[in-house]
Amino acid sequence: MNKTVIAIASDHAGVELKEQLKETLHEVAQDVLDLGAHTSDSVDYPDYGNAVAEAVLSGRAQYGVGICGSGIGISIALNRHKGIRAALCHDGLSANLSRRHNNANVLCLGARLIGIETAKDCVRQFFAAEFEGGRHEKRVNKLG
């Protein structure tokens, strides 16, 4: 059995949520790779999105979680990488569907827009779901 690793990173706005989600991530993965940030000192979200993308694309992690204030910036940074399908989710259903229908490999969350219990539900739903393939596969393949 392969070891499941989830890379997680946030900018300064997401540090607290990132720390709170680590325990929940350990419920669904054997290892969590924390790529920062580690303080609330101002940093640039693209740097942390790029770090998650590189970890997933290199195989150091199978999946990723990216967090910034709104979740928008880090999802844009992540989706600039060919092979990354980052989904900004606001509830468990959107997280679940992003995996089932879009084969998302990175979950993005907005720390200033989502509560901790909803964020935990997003994590659980995202990692409990599996890509359905079928009619969705040709669409996902068009993403590159």
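The values are calculated or read from the model by the stated rules, or taken from the named source; none is laboratory data. If you're wondering where the values come from, they're calculated on a predicted model, not measured in any experiment. Note: ideal-geometry Cβ built from the backbone for every residue, glycine included; neighbour counts use all protein chains shown. When the accessible area is computed, the model is the full protein with side chains, heavy atoms only, and any ligands, DNA or RNA have been set aside. Shrake-Rupley method; radii C 1.70, N 1.55, O 1.52, S 1.80 Å.
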(message) List the residue pairs whose Cβ atoms are under 6 Å apart, where the first residue sits in the range 124-137 and is small (Gly, Ala, Ser), the second is in a helix (DSSP H, G or I), and the two are 6 or more positions apart or on different chains.
(response) 129/96; 129/99; 129/100
(request) Please tell me if residue 32 is open to solvent by 10 Å² or more (accessible area, probe 1.4 Å), over 20 Å from residue 125 (Cβ atoms), touching a His at 6+ places or on another chain (Cβ under 7 Å) and of a type outside the set (Gly, Ala, Ser). (result) no
(message) Checking the structure you have, find out if any residue of the range 16-23 is of a type in the set (A, V, I, L, M), under 15 Å from residue 105 (Cβ atoms) and touching a residue at least 60 places away in the same chain (Cβ under 8 Å).
(response) no
(message) Anything in the range 55-66 that is more than 14 Å from residue 79 (Cβ to Cβ), in contact (Cβ under 8 Å) with a residue 12 or more places away in the chain and open to solvent by 10 Å² or more (accessible area, probe 1.4 Å)? List them, or say none.
(response) 60, 62, 63
(request) Go through (1) in contact with a strand residue (DSSP E or B) (Cβ under 7 Å, 6 or more places away or on another chain); (2) part of a helix (DSSP H, G or I); (3) among the hydroxyl-bearing types (Ser, Thr, Tyr) one by one and return the number of the condition residue 94 breaks. (result) (1)
